[in-house]
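*Asks:* Starting off with a structure, shown below.
The values are calculated or read from the model by the stated rules, or taken from the named source; none is laboratory data. In this text the structure is predicted, and so the values were computed from the model without any measurement. Note: ideal-geometry Cβ built from the backbone for every residue, glycine included; neighbour counts use all protein chains shown. Accessible surface is based on the protein model in full, side chains and every heavy atom, while ligands, DNA and RNA are left aside. Shrake-Rupley method; radii C 1.70, N 1.55, O 1.52, S 1.80 Å.
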Amino acid sequence: MVIKKVTWLELFYDLLFVAAVSKASHVLLHVEDEILSMETLGKFVLIFIPIWWAWVGQTLFVNRYGQDTLQHRMFLIIQLFFVLIMTASLSVDFDTNYYPFLIGYLGLRAMTAVQYHYAHARETGHLRNTARYLGTRFWIGLVISACSLFFDSWLRYAVLYAGIVLDVLLPLTGRKILVKTPANTHHLLERFSLFALILLGESVVSILAVLQSSTWTGQSVSFAALTFVLIIAMWWQYYDNLEKKVDQHVQTAGQTIIYGHLFIYLSLCMLAASIQLLFLDQLHYGLMLNFIFGSVLIYFASTTLVFHVYRHKQHRLGFMHLALLTAILVCSYVLDIVIHMPNTVIMGELALFFAVYAKITT
């Protein structure tokens, strides 16, 4: 397999998505009367998925067809403008900024679809067939989402996300075509891990917010220190696996990486928000436990799945490893339910879990 390296323009492209991810994550900090409503959690997911999918769309095109040419650079620069429009529209009050969001999202996806048409014109064989399949099918979801302009109230969002869901599912339905032009696994893992690093940075920002939200007391410093241990353990586990345990020469359509990382990214954003919510004691205790342990569980399950598929067989986790990690998480949760624990203790339990997870998997 040819090693495809990430270009500087791709890194610059990611840079503009940092703001979009940050604004989406901040939706989770809107707590009223110690409750993070299902509506707010739903808004976060509905805002995050289009951001993720717009980024994934361009990443997958570059993975198979990207060339550092003037034409490719111009396409990417135009897309950056649409990223700015979409990012500027993101807020909890989604209705007031709906049209800029729609323009930004449709512009991003349309430019990617056009790039596939150009690729279809210049490629041959299976690469040509794949470009034709994706280039033509993606317009279906775009047209459906664009039809949301003709509706109001909840129907508008139903139509918008019907198009997005169809768009997201198309690569799965066309798997037989895509496996004939497998993704460059090395490049794909590198791209997704770099985006994960951006989201891990949100947790670092949360530590700063914790320290700045109060005077420097023993409790706040201890909480920040334990959170830092947690983040380092997460980094260690994820990136040591990537560098040492994963077979980056596997030839697949890359769909486990793509869709598995949606849940990794969602859980990273939720963990970043829960750090602040836990320290500031803004959520009802029971809801806080459900939110933070649920975030950890999603991260644990999604990273385990993604790395299991791509790990060398001799490095895959066994049943006893998974049982031990699950037991640590469940016992900590049950203990915290029975006994009202201080936030520092809860963070210490999670730091311990991730430290053990890093030790076992690396």
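*Asks:* Radius of gyration and Dmax for region 1-134's Cα atoms, expressed in Å?
*Replies:* Every Cα atom of region 1-134 included, Rg and Dmax give 17.1, 60 Å.
*Asks:* Within the chain, how many lysine pairs that are 8 or more places apart, or on different chains, have C-alpha atoms less than 22 Å apart?
*Replies:* Lysine pair count for the chain: 12.
*Asks:* Given a 1.4 angstrom probe, I'd like the percentage of the accessible area of the chain that is carbon and sulfur, rounded to a whole number.
*Replies:* On the way: 11270 of 16110 Å².
Heavy-atom surface of the chain belonging to carbon and sulfur, 1.4 Å probe: 70 percent.
*Asks:* Taking Cα pairs under 8 Å and at least six residues apart, what relative contact order does the chain come out at, in percent?
*Replies:* Relative contact order here is 19 percent.
*Asks:* Taking 8 Å as the Cα distance limit and 6 or more residues as the minimum spacing, I'd like the relative contact order of region 140-242 as a percentage.
*Replies:* About 18 percent, as a whole number.
*Asks:* Using only alpha-carbon positions, what ratio does the radius of gyration of region 67-121 give when scaled by 2.2 N^0.38 Å?
*Replies:* That ratio works out to 1.31.
*Asks:* Follow-up question, since we're still on this one. Which order, highest average first, do 84-96, 126-138 follow once you tally other Cβ atoms within 10 Å for each residue and take the mean per peptide? Could you put the intermediate results ahead of the total?
*Replies:* Numbers: 84-96: 16.4, 126-138: 18.5.
So the peptides 84-96, 126-138, ranked by packing, come out 126-138, 84-96.
*Asks:* When the solvent-accessible surface of protein heavy atoms is calculated with a 1.4 angstrom probe, in what order do Trp52, Trp236, Trp216 fall, highest first?
*Replies:* Largest accessible area first, the list is Trp216, Trp236, Trp52.
*Asks:* Let me ask another. Report, to the nearest 10°, how far helix 218-240 tilts away from the longest principal axis of the Cα atoms in the chain, using its own Cα long axis and a range of 0 to 90°.
*Replies:* With rounding to tens, the tilt is 40 degrees.
*Asks:* Net charge within 13 Å of Ala272 by Cβ-Cβ distance, Lys/Arg positive one each and Asp/Glu negative one each, not counting Ala272 itself?
*Replies:* Numbers: positive: Lys23; negative: Glu202.
Cβ neighbours under 13 Å give a net charge of 0.
*Asks:* Now for a different question. Along region 114-124, what does the Karplus equation 6.51 cos²θ - 1.76 cosθ + 1.60 (θ = phi - 60°) give for ³J(HN,Hα), rounded to whole Hz, x for Gly and Pro?
*Replies:* 4, 4, 5, 5, 5, 5, 4, 6, 9, 8, 9
*Asks:* Can you list, largest first and rounded to whole Å, the semi-axes you get for region 71-219 by taking the square root of 5 times each eigenvalue of its Cα gyration tensor?
*Replies:* They are 34, 24, 15 Å, listed from largest to smallest.
*Asks:* Now, a different point. Using just the alpha carbons, could you tell me how many Å³ per residue the convex hull of region 221-264 encloses?
*Replies:* Looking at region 221-264, the number lands at 61 Å³ per residue.
*Asks:* Solvent-accessible area of Leu242, probe 1.4 Å, all protein chains present, reported in Å² to the nearest ten, please.
*Replies:* Per-residue accessible area (Leu242): approximately 10 Å².
*Asks:* Given a 1.4 Å probe, how much area per residue of region 80-168 is accessible, in Å²?
*Replies:* The answer is 45 Å² per residue.
*Asks:* Follow-up question, since we're still on this one. Just Thr304, Thr215, Thr252 to compare: in a GNM of the chain, with alpha carbon springs under 10 Å, which one fluctuates most?
*Replies:* Largest GNM mean-square fluctuation: Thr215.
*Asks:* Still on this structure, please answer the following. How big is the gap, in Å, between the Cα center of region 27-58 and the Cα center of region 186-254?
*Replies:* Region 27-58 and region 186-254 have Cα centres spaced 20 Å from each other.
*Asks:* Now for a separate question. Give the peptides 144-155, 172-183 in descending order of average Cβ contacts within 10 Å, highest first.
*Replies:* Result, highest mean first: 172-183, 144-155.
*Asks:* For the ranges 270-276, 71-77, what's the packing order if you count other beta-carbon atoms within 10 Å of each residue, average per peptide, and put the highest first? Can you show the working numbers first?
*Replies:* Working: 270-276: 25.3, 71-77: 14.7.
The densest-packed peptide leads the list: 270-276, 71-77.
*Asks:* Then there is this: Using modelled backbone amide H atoms (1.01 Å from N, in-plane), which distant-in-sequence or interchain residues come within less than 5 Å of Arg311's amide H?
*Replies:* Residues meeting the criterion, in which the H sits 1.01 Å from N, are Asp247.
*Asks:* Separate question: What do you get for Rg/Rh of the chain when both radii come from the Cα atoms and Rh is the Kirkwood radius?
*Replies:* We get a ratio of 0.98 for the chain.
*Asks:* Give, as a single signed number, the net charge of other residues whose beta carbon lies under 11 Å from the beta carbon of Gln58, with Lys and Arg counted +1 and Asp and Glu -1.
*Replies:* Net local charge, Gln58 excluded: 0.
*Asks:* Can you give the net charge of the other residues whose Cβ lies under 14 Å from the Cβ of Ala253, counting K and R as +1 and D and E as -1? Mind showing how you got there, number by number?
*Replies:* Numbers: positive: Arg64, Arg175, Lys176, Lys180; negative: none.
Overall, the nearby charge balance is +4.
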